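The values are calculated or read from the model by the stated rules, or taken from the named source; none is laboratory data. Please read these numbers as outputs of a predicted model, since none were measured by experiment. Backbone-built Cβ (ideal geometry, glycine too); neighbour counts: all protein chains shown.
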Amino acid sequence: MNNILLSNYSITDLENTIAKILKQIICEQNYLSDSAVNELITRQETAKILKISLPTLHNWTKNGLLFCYKVSSRVRYKRSEIMELFNSGDLNKYGRAV
């Protein structure tokens with residue numbers, strides 16, 4: 001049996017290493033790279049993913065179902081948040097079985 005000696009490894013370093021590895025595993029399972037998780041996408045791309053119209057996207061944002069990010073005068077959405085909503089099943093109550 002192999003023994004691992006962690007005497008020169010601080011608790012903080014260990015926690016950071018474990019968090020980094022877990023994040024990497026989660027990203028691989030979701031088939032998204034770290035940059036893709038935080039990618040900002042346009043209104044048109046968001047509406048296409050959710051299979052809704054732009055006015056519906058606007059209403060959902062206004063009602064708090066989605067959160068948008070302003071980049072200069074442009075509206076963007078985080079791909080990770082959109083995919084989370086898409087996969088959560090919460091859209092069924094809005095008449096959208098996606």
* Asked: Among the numbered criteria (1) surrounded by 10 or more Cβ atoms within 10 Å (Cβ to Cβ); (2) modelled with pLDDT under 85; (3) over 16 Å from the mean Cα position of the chain (by Cα), which single criterion is violated by Gln24?
  -> (3)
* Asked: List, please: which pairs have Cβ atoms under 6 Å, are six or more places apart or on different chains, and start with a residue in region 71-84 that is assigned by TED's automatic domain parsing to the domain that holds Lys51 and farther than 14 Å from Lys48 by Cβ and end with one that is assigned to a helix (DSSP H, G or I) and modelled with pLDDT of 85 or more?
  -> Val75/Arg43
* **Selection count where residues are at pLDDT 90 or above and touching a Phe, Trp or Tyr at 6+ places or on another chain (Cβ under 9 Å), scope region 41-51** => 5
